[in-house]
Amino acid sequence: MVLRAIYPGTFDPITNGHLDIIERAAKIFDELIVAVATNPVKKPLFSLEERVLMIREACAHLPNVRVESFNGLLVEFARSLDARVIVKGLRAVSDFDYEFQMASMNRKLAPDIETVFIMTSLEYAYLSSSIIKEAAMLGGCVQGLVPHSVLPRLKEKLAERGCISHSGSRNSNTEPAQGT
Ligand code: PNS
C-alpha cells in the first residue's frame, strides 16, 4: 500500500522553511503532494500559477513530491487524491492554537484522515512568507531564506508593484505586504 500524504498551504511564496518540511516529509511518506490553496481571501502577492511553478522548481530534486493546486475543503481534496495524511509544519507555540483548531475541524469532517505535525528546524523557526515579503518590500536581503528561483521573482514582483527598484532597494513611500 502506498502511504500518500498532502502538505497544504498558501505558499506566497514558498520559503526555505516550507522546503525543509517538504524534504523531511518526503523521506517519511512514499508520496507527498504539495497542495497549493487558491486562498483569494489572503490576496496573495503571487498568482496561483506562479506559486505552483516556484514550488515545482524548488522540489525538482525530489522524485516522490508533486505539486497541485486546490480550492474548497482540504479534506475533500485529500480524499480525491487518496491521501490519508495531512502534513503541517509547527514553528512555535504561537502556531499551536490555529493548527489545533484546523486539525480538529479536519478530523471532524474526515475522521479517516490524520494530521501529522513536523517541528520546523530551528534555523527556520522565525520564517514565514509574510515576513519574507515584508523584509523584501522594505529593501532587506532575503537571500538564503527562500529557494534560489524565488529570489528574482520576488524582486521582479515587488518592482512591478513599485515597492522596490529593479536593483532591490526600497521605494520610500511603500507599505509592508499583507497576508501570509
Ligand atoms: O499557508 P497557510 O495560509 O497557513 O495555509 C492554510 C491552509 C491553506 C492550509 C488552510 O487555509 C486550508 O486548509 N484551507 C482549505 C479550506 C479548509 O479545508 N479549511 C479547514 C476546514 S474548515
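The values are calculated or read from the model by the stated rules, or taken from the named source; none is laboratory data. Values in this document were obtained by computation on a predicted structure and should not be read as measured data. So basically every Cβ, Gly included, is an ideal-geometry build from the backbone, and we count neighbours across all protein chains shown. What goes into the accessible areas is simple: the full protein's heavy atoms, side chains included, and nothing from ligands, DNA or RNA. Shrake-Rupley method; radii C 1.70, N 1.55, O 1.52, S 1.80 Å.
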| Using the heavy atoms of the protein chains alone and a 1.4 angstrom probe, what is the accessible area of the stretch 44-180 per residue in square angstrom? | 58 Å²
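What translational diffusion coefficient, to the nearest whole µm²/s, does the stretch 1-152 have by Stokes-Einstein, given a Kirkwood radius computed over alpha-carbon pairs, a temperature of 37 °C and 0.692 mPa s viscosity? Could you put the intermediate results ahead of the total?
Details: Rh = 15.8 Å.
Translational D for this selection: 208 µm²/s.
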| said: Rounded to the nearest 5, what % of DSSP beta bridges with both residues in the chain are antiparallel? | reply: 5 percent
| request: Taking a cut-off of 26 Å between Cα atoms, list the lysines near Lys155, but don't count ones fewer than 8 places away on the same chain. | output: Lys42, Lys43, Lys133
| query | By how many degrees, 0 to 90 and rounded to 10, does the Cα axis of helix 150-160 deviate from the longest principal axis of the chain? | reply | 50 degrees
| request: Pop out the carbon and sulfur fraction of the accessible area of the stretch 4-124 as a percent, whole number, probe 1.4 Å. | output: 57 percent
| query | Between the helical axis of 16-28 and the dominant principal axis of the chain, each derived from Cα atoms, what acute angle in degrees is found, rounded to the nearest 10? | reply | 20 degrees
| query | Do you know the relative contact order of the stretch 1-82, to the nearest whole percent, from alpha carbon pairs under 8 angstrom that are 6+ apart? | reply | 35 percent
| Along the charge dipole of the stretch 4-124, Cβ charges K/R +1 and D/E -1, which of Leu48, Cys59, Phe96 sits furthest on the positive end? | Phe96
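Within a Cβ distance under 14 Å of Arg79, other residues only, what is the Lys/Arg minus Asp/Glu net charge? Please report the intermediate quantities before stating the final value.
Working: positive: Arg4, Arg84, Arg107; negative: Glu68, Glu76, Asp82, Asp112, Glu114.
So the surrounding residues net to -2.
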| request: Could you check which residue among Ile28, Ile55, Ile86 shows the biggest mean-square fluctuation in a GNM of the chain with a 10 Å Cα cutoff? | output: Ile28
| By the scheme Lys and Arg +1, Asp and Glu -1, what is the net charge of all other residues having a beta-carbon under 12 Å from that of Val2? | -1
